[in-house]
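Notes for the one structure printed next.
We did not get these values from a lab; they are worked out from the coordinates using the rules stated. The structure displayed is predicted, hence computed values, not measured ones. Cβ coordinates were reconstructed from backbone atoms using ideal geometry, including for glycine residues, and neighbour counts include every protein chain displayed.
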Amino acid sequence: MERRQSMVRDMTAGPVVPLLIRFAFPLFVSNALQAVYNLVDMVVVGNYIGKAGMSAVSIGGDLLHLLTFVAMGFCSAGQVIIARAVGEKRPEDIQKTIGTMFTFLLAVSAGIALVCYLLRFPLLRVLNTPAAAFDYAMDYLVTCVCGLVFIYGYNIVSAILRGMGDSKRPFLFIAVAAVLNMALDVLFVKYGHMEVFGAALATVIGQGVSFLLSLVYLYRRRESFGFDFNPASFRIDGPAFRRLLALGIPMAIQSAAVHFSKLVLMSWINRFDVTYSALAGIFNKVNTMCGVISQSFTTAGSTMVGQNLGARKYGRVNRTLLTILLIGLGFAAAFTAVMLLWPEGVYGMFTPDRDVLSVAAVLTVPIILNFFGSATRSVAFSLINGSGQAKLNLAVAIIDGMISRIGLAALFGFWLRWDCYGFWMGDALAGFMPLVIGSAFYLFGNWRAKEA
């Protein structure tokens, strides 16, 4: 048993702050690399192809993010379930959860990829894809859809490792993929003249390498976490599957709702012209970079909260949440200073196109609001996800992802006639809704209960 548990990091003992930071730091670097990984396509395409290419990468990238909603939701659920099993010393549940996750999610990724390929033309049309960017967007979407199984596979392995308290290996795998993607982006787009297809191909190759490396790592250390990789071990276990569905469905809906609402906003923005479509890409990429801190501490916080709830150490949960809040606000303030003091540098990093840069200042206030929204979201989701509150995740999905984001964007954009600025303001303000819901849950909810 001791050997089997050697990969597990116990987060129920020791000083909270250094333990959380040590666990979150590799996640931060990993997420930063993943954000850069996604950012490189936009920067390379923007500098060598122009605003039509930027629009295509923005649209194709947003669609791809929507297609990963099942992976994001169920892998987050699997991480929480594994973390709780670690805290409660139940290795048999860890094994069953791992096998169930692999079989279910890889099958889902293949099904989603097939459906998306068959519906590729209607999907781009419903988003009002500008004519100048349509062919580019099609190239990007189809190529990335072919690599969807790699995205799902990497997220499965990362969820397993992070649930056990290992955040270093996922960082190493994505680091290799990020460096490879950056090199191939320049090679394919600048020197190979493969345009947007080259950027998408570089992304798929990087994702494939990342998944294969992580899978080999798990296989070589299969005895240390109790999963033998025999075909029988990949059988979907009934109780484990029900636990995964109970927590994963609301988390997946939450992820899908946010991405779906962003696609709705993108379709409204695309009604203007390719300049604003390219600008939307900058808005999304800057917010992705800002969300690196939030995602890192949400993942680390969910694991730490999950283990300590399993061990019934509620004081450590409080200290974890306070630490996450203070760190998030500090980074938000630093990012805000950069945006206010050096906006031209930030926007100019993406493109030299004068049409895009002449109107880029419209993004500044919504971006700053998103910085602080991300800081508060990490606290709320650490508690909600770590406590395994399926119903509350569903409420956040509906309120944050659908009602608030689309409703506020429509209010500001159409009713107040703020146009694209209103759409981006609605998106930014909706980001504070998880804080409101999470605060109510902290004060009045049953998060101290052992079982969700």
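Structure summary
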{"quantity": "Prolate/oblate/rounded call for segment 1-155, Cα gyration tensor, a/c under 1.5 rounded", "calculated": "oblate"}
{"quantity": "Of K285/K313; K190/K262; K313/K391; K262/K313, those spanning more than 26 Å from alpha-carbon to alpha-carbon", "calculated": "K285/K313; K190/K262; K262/K313"}
{"quantity": "Cα-only Debye scattering, the chain: base-10 log of I(q)/I(0) at q = 0.13, 0.14 Å⁻¹", "calculated": "-1.17, -1.36"}
{"quantity": "Tilt relative to the chain, helix 433-444 - C-alpha long axis, 0 to 90 degrees, to 10", "calculated": "20 degrees"}
{"quantity": "Label-point gap, in nm, between F229 and L118 - each point 7 angstrom along Cα→Cβ", "calculated": "3.4 nm"}
{"quantity": "Under 10 Å, Cβ to Cβ, from G198 - net charge with Lys/Arg +1 and Asp/Glu -1", "calculated": "-3"}
{"quantity": "Inter-probe distance in nm under a simple model that places probes 7 Å from Cα toward Cβ, at W415 and V365", "calculated": "1.8 nm"}
{"quantity": "Neighbour net charge for V264 - beta-carbon separation under 11 angstrom, K R +1, D E -1", "calculated": "0"}
{"quantity": "Rounded to whole Hz, the Karplus (6.51, -1.76, 1.60) HN-Hα couplings of segment 149-155, x for glycine and proline", "calculated": "4, 5, 4, 5, x, 4, 5"}
{"quantity": "Where labels lie 7 Å past Cα in the beta-carbon direction, separation of L340 and L443 in nm", "calculated": "2.9 nm"}
{"quantity": "Zone of N128's modelled label, taken as backbone nitrogen in segment 225-266 under 13 Å from a point 7 Å along Cα→Cβ", "calculated": "263-266"}
